[in-house]
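The values are calculated or read from the model by the stated rules, or taken from the named source; none is laboratory data. Computed from a predicted structure; not experimentally measured. Note that we place each Cβ from the backbone using ideal geometry, even for glycine, and neighbour counts take in every protein chain shown. Areas reflect the complete protein model, heavy atoms only, side chains present, ligands, DNA and RNA absent. Shrake-Rupley method; radii C 1.70, N 1.55, O 1.52, S 1.80 Å.
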Amino acid sequence: MASPRGHRRASVLQKAAALLLLALSCCGCTGAGAGPSAPTPKVPAVIVFGDSTVDTGNNNAIGTILKSNFPPYGRDMAGGAQPTGRFCNGRLPPDFISEALGLPPLVPAYLDPAYGIQDFARGVCFASAGTGLDNKTAGVLSVIPLWKEVEYFKEYKRRLRRHVGLAGARRIVSDALYVVSVGTNDFLENYFLLVTGRFAEFTVGEFEDFLVAQAEWFLGEIHRLGARRVAFAGLSPIGCLPLERTLNTLRGGCVEEYNQVARDYNAKVLDMLRRLTAARPGLRVAYIDVYQNMLDLITDPSTLGLENVEEGCCATGKVEMSYLCNEKSPDTCDDADRYFFWDSFHPTQKVNQFFAKKTLDLCYDQLLL
């Protein structure tokens, strides 16, 4: 049975009409700055799967209310304000990673009609904000399920073969760096929101096991399709997102129950990755410890010059995301670089760059040898 806390949470969210707020995952996966002093390895493309932490604009092209292609999203993009559909004031971790590897500074969304296969040959994003490892998660807000992201990858490979030939396509697919960030929505938009029935079907531990099995299927599938070097993100401290703090008003602070779930899930993911890579010698997977990376910044924000790690910059920063974070919001901060979060779920560009640097260091150590 669901706990009273779960029922109270769902009730509050429904009354606040904040279902769409729960569509996205939070702090995500990666982030970059300048690359190391060693020579940049030959990586022909960065290929991205996952949710809003890495979606560079695919949701713009589908029939969902979960979008961010309007101001003030993208207000701090280099060259001027540009709301691209990234859930951020600027760039996402894969963008920084791509640039650090000598590739374009923006990883294009596969469904963006402004780009073609000549662009996707150097980087492509299949991610969709609001999706998860569980197909039912994607159904909550009618976004792209993970299996469909894999189908788009298959289509991409066919287009790539026509563009550069069979040998060229194989080289790009096998030598690319894959970035995967997904999982938060499965808990916050699905299980704990009580809208899909999963809370009645599984205990939370059983649901973790179910998601880990889905992650194993996904990694096995993209390996079968040619992926060889994958950076896979664990969950962040999901109980420390601004929205979760807001809903935890009775006790205050982070929701430790949710953070424990994230830790338990992450431990199971690590065990799965060890088994999977042992069984598939051609596959290398680097685990991105998003939980610790985020916790380090929340605990000591001065290391990045942050002043606020509890609220987002946009609007009140407590519950707003997507259409509730808009240019009519009167309380949006002037300097997002002082904040960990841009909206109630997603990091600022500054924090994304920090995460990308952490991910790049990991990739240089484990994948880009």
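The residue among Gly139, Ala356, Val124 whose Cα reaches farthest toward the positive pole of the charge dipole of the chain, with charges on the beta-carbon of Lys, Arg, Asp and Glu, is Val124. Sparse packing (at most 13 other Cβ atoms within 10 Å of the Cβ) combined with a DSSP loop state is found for the following GluC sites (Glu not before Pro) in the range 255-319: Glu307. The Ser174 and Asp264 beta-carbon pair, evaluated with R₀ = 30 Å, returns a calculated FRET efficiency of approximately 0.35. Taking 13 Å as the cut-off, the amide N atoms of the range 284-323 that come nearer than this to a point 7 Å along the Cα-to-beta-carbon line of Gln366 belong to 284-293.
For the range 46-295, the dipole from Cβ point charges (+1 on Lys and Arg, -1 on Asp and Glu) about the Cα centre works out to 1080 debye, to the nearest 20. Taking all protein chains together, His163, His346, His223 sort by accessible area into His163, His223, His346, largest first [probe 1.4 Å]. Applying both filters, DSSP loop and at most 10 other Cβ atoms within 10 Å, to the trypsin sites (Lys or Arg not before Pro) of the range 122-169 eliminates every site.
Taken as Cα centroids, the range 335-369 and the range 112-176 sit 23 Å apart, rounded to the nearest whole angstrom. DSSP assigns beta bridges within the chain; of those with both partners inside it, close to 5 percent run antiparallel.
Based on the mean of other beta carbon atoms within 10 Å per residue, what is the order of 284-297, 225-238, most packed first?
Working: 284-297: 20.5, 225-238: 23.9.
Final packing ranking: 225-238, 284-297.
What you get for the range 130-258, charging only the Cβ of Lys and Arg (+1) and of Asp and Glu (-1), is a dipole of about 1120 debye around the Cα centre. Label positions at Ala200 and Ile62, each projected 7 Å from the Cα along the C-beta direction, are separated by 2.6 nm.
The slack between Ala213 and Leu166, meaning 0.36 nm per residue of separation minus the straight C-alpha distance, is 13.7 nm.
Going by alpha carbons, how many degrees (0 to 90, nearest 10) lie between the helix axis of 4-15 and the longest principal axis of the chain? Around 90 degrees separate the two axes.
Think of the range 226-369 as a dipole: +1 on every Lys or Arg Cβ, -1 on every Asp or Glu Cβ, centred on the Cα centre; then among Ala267, Gly234, Leu368, Leu368 lies furthest on the positive end. Scanning residues 5 or more positions from Val195 or on other chains, none has an amide H under 5 Å from its amide H, with H placed 1.01 Å from N in the peptide plane. Note on Ala278 and Ile117: the model spin-label points, each 7 Å out from Cα along the C-beta direction, lie 4.1 nm apart. What's the angle, to the nearest 10 degrees (0 to 90), between helix 204-224's Cα axis and the longest principal axis of the chain? Compared with the principal axis, the helix lies near 20 degrees. With the simple model of a label 7 Å out from the Cα in the direction of the Cβ, Lys328 to Glu256 spans 4.2 nm. One decimal place: the segment Asp337-Lys148 gains 64.5 nm when fully extended, by the rule 0.36 nm per residue minus the C-alpha distance.
Is the range 148-300 rounded, prolate or oblate when judged by the Cα gyration tensor, a ≥ b ≥ c being the square roots of its eigenvalues, rounded requiring a/c under 1.5 and prolate requiring a/b larger than b/c? Cα axes put the range 148-300 in the prolate bin.
Heavy-atom accessible surface of the range 91-131, averaged per residue, reaches 28 Å², computed with a 1.4 Å probe.
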